[in-house]
1. Do any helices (runs of 4 or more DSSP H) lying entirely in region 183-286 carry at least 1 residues that are without any contact (Cβ under 8 Å) to a residue 24 or more places away in the chain and among the hydroxyl-bearing types (Ser, Thr, Tyr), and which ones are they?
2. Out of GLU381, GLU362, report the one residue that is of a type outside the set (A, V, I, L, M) and closer than 30 Å to LEU520 by Cβ.
3. Give me the residue from region 525-536 that is more than 17 Å from ASP710 (Cβ to Cβ) and either of a type in the set (S, T, N, Q) or part of a loop (DSSP other than H, G, I, E, B) (or both) and, out of that set, nearest to the chain's Cα centre (by Cα).
4. Would you confirm, using the coordinates I've provided, whether ASP399 is assigned to a helix (DSSP H, G or I), more than 23 Å from GLY140 (Cβ to Cβ) and either touching a His at 6+ places or on another chain (Cβ under 7 Å) or not β-branched (Val, Ile, Thr) (or both)?
5. Can you say whether ALA625 is over 14 Å from ALA555 (Cβ atoms), among the small types (Gly, Ala, Ser) and either assigned by TED's automatic domain parsing to the domain that holds ASP643 or at pLDDT 90 or above (or both), as far as the supplied structure shows?
6. Among ILE575, ILE539, which is touching a residue at least 24 places away in the same chain (Cβ under 8 Å), over 30 Å from ARG656 (Cα atoms) and assigned to a helix (DSSP H, G or I)?
7. Taking the options VAL296, VAL285, name whichever one is among the β-branched types (Val, Ile, Thr) and touching a Lys or Arg at 6+ places or on another chain (Cβ under 7 Å).
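The values are calculated or read from the model by the stated rules, or taken from the named source; none is laboratory data. Nothing here was measured: the structure is a model prediction, and the numbers come from that model. Here Cβ is always computed from backbone atoms with ideal geometry, including for glycine, and neighbour counts include all displayed protein chains.
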Amino acid sequence: MGAGAVRFGERLRALRQERGLSLAELARATSYSKSYLSRVETGRRPGHELLAAACARALGVAPELLGPPDAAPAAPSATAPGSPAAPAAPVAVPVQLPPAPGVFAGREEALAELDGALAAARPRWGEGGPRVWVVDGMGGVGKTALVVRWAHRVRDRFPDGVLFSDLAGHGSSGAPREPGEVLDGFLRALGADAGTIPPRVPERSALLRTLLAERRVLLVLDNAAAPAQVRPLLPGAPGCLVLVTSRTRMAGLVVRDGARRVTLAPLPPERAVELLRRTLGPERVDADPAAARELVLRCGRLPLALLVAAERALSRPGLTLARVNEELRSDRTRLHVLAAADDGDSALRTVFSWSYRALAPEPGRAFRLLALHPGAGLTAETAAALLGTTAGNAHELLDVLADVHLLELEAPERYRFHSLLQVYGRELAEGRDSPRDRAAALDRLYDWYRQGADAAGRLLEPGARPAGAAPLPGVRPPVFGAAEEAVAWCEAHLADLLSVIRHAARAGRPPAAWQLPFALWSFFHRRHHRAQWLNAARIAVAAAAGSPDPRALTASLALLGAAQLHAGRPVEAEIHLRRALARCADGGADPESECAARNNLAELVLGRGRAAEALELLAPALPLARTAGHRWVERVTLTNLGDASLRLGRLADAERFLLEGLSLRPAGPDPRTEGLALLHLGTVYRALGRLPQAVGCLRRALELHDASGDRRARGRVLEQLGHALVALGRPEEAVPGRHEAPAGPADAGERPPVLPLPGAGPAAPVAAAPTPAALAPAVLAPAAAKPVAPGEARVPEQSRRHWYRL
């Protein structure tokens with residue numbers, strides 16, 4: 001080496017040491033390797049202008065302080081046998097970035113994450129090779145715009161150049177570009193002589209690594225199809241950074257090549273509005289902010305869709321945002337509207353088609369049929385119902401679609417369609433799948449939800465209903481081991497259940513539209529989903545009006561009446577329950593439906609203090625319940641008869657009805673109805689002065705209502721138990737902390753509705769009920785047999801004023 005080289009290296013070392021930087025720290029700051037910098041400082045390698053500029057930035061000095069660098073180095077030559085020949089010419093400095101996007105907003109977090117690729121806080125990451133980042137997401141979400149924007153922002157950090165290639169993994173230009181073709185372009189851009197470029201991909205890849213050794217180059221590989229397309233393009237130099245964009249998740253690059261991933265989702269609503277402001281101008285957006293927010297939703301918060309919609313508004317100054325929204329409201333025309341007239345590649349339908357065309361036949365069929373789901377959420381089980389396959393196979397197909405961002409992984413084991421992709425999938429299904437296949441897929445989905453809701457109902461109200469119809473072929477119903485699992489399933493699927501009910505009504509499927517709300521009544525009641533219950537019941541009534549099944553409308557009217565009763569709308573409830581009862585009188589229902597209408601109407605009038613009218617309604621209901629052969633309905637009817645008799649002061653009749661109801665054993669445990677019967681029976685015994693028996697009944701009722709979670713009925717039990725304990729002369733056993741205000745007389749929330757059982761077959765014959773005397777020893781244990789434990793019901797002294805009024 002000449003003296004000049006030594007002088008440059010000496011100046012570099014002196015400045016580095018003066019600023020207290022180690023050789024390793026300087027290497028991290030400049031992205032040149034420690035060994036290379038050491039050779040420069042000792043004069044074994046020449047300095048050059050690019051190195052001088054990088055070191056000056058890292059040391060915080062002007063480049064002139066380092067003095068004139070040595071001449072730019074020639075590209076290193078390959079010395080190993082069989083290695084590719086390096087060009088003799090100096091390495092060129094290419095800058096191939098396309099223009100930065102004209103309008104950009106809403107990706108501050110992603111830009112900051114990419115900034116981390118250059119942060120000195122990661123000293124070891126990438127020391128053995130290039131830093132690789134993958135930006136993935138669905139078509140139109142703005143991956144290329146983000147990467148190009150960031151690359152322009154940090155270009156000065158890569159003094160040896162920027163290489164860019166559209167790999168055409170998904171696009172209109174045909175097959176993805178071959179790595180060898182891309183390598184040829186990169187090598188030429190770096191100054192390699194065309195005659196020295198090897199013919200085979202491995203040798204070209206090796207030559208690229210040779211040319212980029214000790215260099216700081218940014219490589220942007222846009223629109224990649226698969227890791228195999230990218231891997232030959234990766235340099236080996238730790239100073240290089242590679243940005244890859246793709247519609248696939250590029251898991252191979254993450255696993256094998258240590259890539260970091262940034263996944264782009266649609267813009268948050270406020271950022272999407274900001275993109276509109278920057279495109280249309282703040283005056284136009286601020287003039288109608290509600291229309292701007294709606295436009296954001298109609299475009300699915302997708303940047304490409306928003307830009308196309310904004311261009312549509314810009315090209316016609318008189319077109320208001322509200323009018324653009326009107327054009328986008330129909331799913332059938334939305335994708336047509338979201339197309340740039342003079343640029344087919346900017347049409348949403350075209351952009352989506354690039355992803356769809358890359359699918360194999362089975363995932364392609366899955367994409368089309370899954371898009372038929374009335375909601376946006378999918379699980380392996382709902383997908384299996386739509387596709388008529390197993391949950392395991394459906395899960396594999398969902399993963400395939402999520403890997404190429406035709407679905408989003410919303411949560412573990414739960415997937416979701418982007419709204420515009422779902423519209424596109426439905427378009428494809430209408431064009432490629434027969435009406436019969438589409439109808440069969442939806443019927444399986446309806447049945448899967450109905451089977452699940454029915455199974456949940458049998459756990460939530462044991463004995464309240466027999467098993468429903470057998471599942472359709474290809475449907476594997478959910479199975480629950482406990483009521484908690486059933487509730488969790490209903491809660492998780494609630495939005496989709498309501499979407500399915502609405503869709504079935506619009507699609508002219510009355511059985512699904514009224515049977516599914518009916519199957520959900522115990523869940524709605526237990527979880528106090530009153531608004532959802534009301535909406536579902538109204539849809540059921542409208543759908544059942546056109547059903548040839550005479551039970552459909554009667555059952556739906558009873559369902560709506562029960563929903564209104566429990567929502568605190570007694571006037572509307574009475575109208576619908578009386579309509580249901582009138583249909584029963586005209587022969588429009590079976591004994592179960594009439595019994596249900598009578599019991600629910602009796603509950604309503606009881607709550608309004610009309611006990612005598614309730615008895616008149618219930619008198620025909622008992623033989624109807626026995627005719628139906630369903631013991632739970634009979635038990636509820638007897639409990640209601642006991643309640644009405646109690647309110648009228650007919651204590652002997654009340655005792656007889658309640659004991660008979662308690663003697664029945666439905667198909668499964670029924671803590672709600674049994675607890676109410678014991679509450680009424682305890683009240684009867686308190687009124688008769690049989691206080692030990694009253695305390696025994698009420699203790700057991702409290703346990704049952706604790707188990708069922710019925711807080712309103714529990715409050716009434718606590719009041720009655722407190723009064724009985726006070727009357728027994730044991731007020732010290734009352735604990736104020738356990739007292740809860742009882743439900744008022746107009747509050748019907750504690751009693752589960754009685755509803756008809758559509759599709760139910762006859763139950764087992766009802767055995768003769770045991771006499772009250774036979775039941776009494778088991779139920780009416782005296783109070784002394786079980787002392788009130790600490791923490792049980794204790795009522796404050798003032799509660800003596802709140803005697804239950806007979």
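1. Those helices (runs of 4 or more DSSP H) do not exist here; none qualify.
2. Details: GLU362 fails: closer than 30 Å to LEU520 by Cβ.
Testing whether each residue is of a type outside the set (A, V, I, L, M) and closer than 30 Å to LEU520 by Cβ leaves just GLU381.
3. GLN532
4. No; evaluated as a whole, the condition is false for this residue.
5. Yes: the conditions hold for ALA625.
6. Working: ILE575 fails: touching a residue at least 24 places away in the same chain (Cβ under 8 Å).
That would be ILE539, the only listed residue that is touching a residue at least 24 places away in the same chain (Cβ under 8 Å), over 30 Å from ARG656 (Cα atoms) and assigned to a helix (DSSP H, G or I).
7. On the way: VAL296 fails: touching a Lys or Arg at 6+ places or on another chain (Cβ under 7 Å).
The unique qualifying residue is VAL285.
One line per residue, one yes/no per condition, for (1) modelled with pLDDT of 90 or more; (2) under 22 Å from SER522 (Cα atoms); (3) surrounded by fewer than 23 Cβ atoms within 10 Å (Cβ to Cβ):
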residue: ALA536; (1), (2), (3): yes, yes, no
residue: ALA540; (1), (2), (3): yes, yes, no
residue: ARG551; (1), (2), (3): no, yes, yes
residue: GLN564; (1), (2), (3): yes, yes, no
residue: GLY588; (1), (2), (3): no, no, yes
residue: ASN600; (1), (2), (3): yes, yes, no
residue: LEU617; (1), (2), (3): yes, no, no
